[in-house]
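The next block holds one structure in the form of structure tokens; read it before the comments.
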Amino acid sequence: MMEQKRMEALREQLMPAVECKYDEFRLLGYDHVTIEQIWNCLCNKKWKKIDDEKKLYEFVNDILSLSIGEYMAFLTAESYRTQRSGEDNNLETILSELL
């Protein structure tokens, strides 16, 4: 819970750097990038376990060093995860209808 409150406070401070990364990806031709996806990628990949001693400039460095490859790998993994959970739900629905 404390970590979530910290991330919400940091989000406002870090948003200019996230927007900069968003603009960079868009300039590279990735038109379907969203700020929310970039933020989720950072939170779930780079900041999964945050040290309380981590400084603001270290968060900014993480944002600015995020590569398009890391971002695309995150989106792919999320897509598979979503697809898999959707298939499980469909399988459960089919089984319940059969039984």
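For the reader, a short list of remarks on this structure follows.
- Here the 3J(HN,Hα) profile of segment 10-27, calculated from phi with Karplus coefficients 6.51, -1.76 and 1.60 at θ = phi - 60°, is 5, 3, 5, 5, 8, 4, x, 5, 5, 5, 4, 5, 4, 4, 4, 4, 5, 5 Hz, Gly and Pro shown as x.
- Backbone HN-Hα couplings from phi across segment 48-59 [Karplus 6.51/-1.76/1.60, Hz, Gly and Pro as x]: 4, 10, 9, 6, 4, 8, 5, 8, 4, 5, 6, 5
- The length gained on full extension between TYR57 and ARG81, counted as 0.36 nm times the residue separation minus their Cα-Cα distance, comes to 5.5 nm.
- Protection proxy ranking of 30-41, 46-57, 4-15, by the mean of other Cβ atoms within 10 Å over each peptide's residues and highest first, is 30-41, 4-15, 46-57.
- Take the Cα of SER65, step 7 Å toward its Cβ, do the same at ASN40, and the gap between the two points is 2.5 nm.
- Residue-count net charge about GLU70 - beta-carbon cut-off 10 Å; Lys, Arg +1, Asp, Glu -1: +2
A short reminder: the numbers here are calculations on the coordinates, not readings from a lab. Note that the structure is a prediction, hence the values are computed from the model and not measured. All Cβ positions, glycine included, derive from the backbone under ideal geometry; neighbour counts span all protein chains shown.
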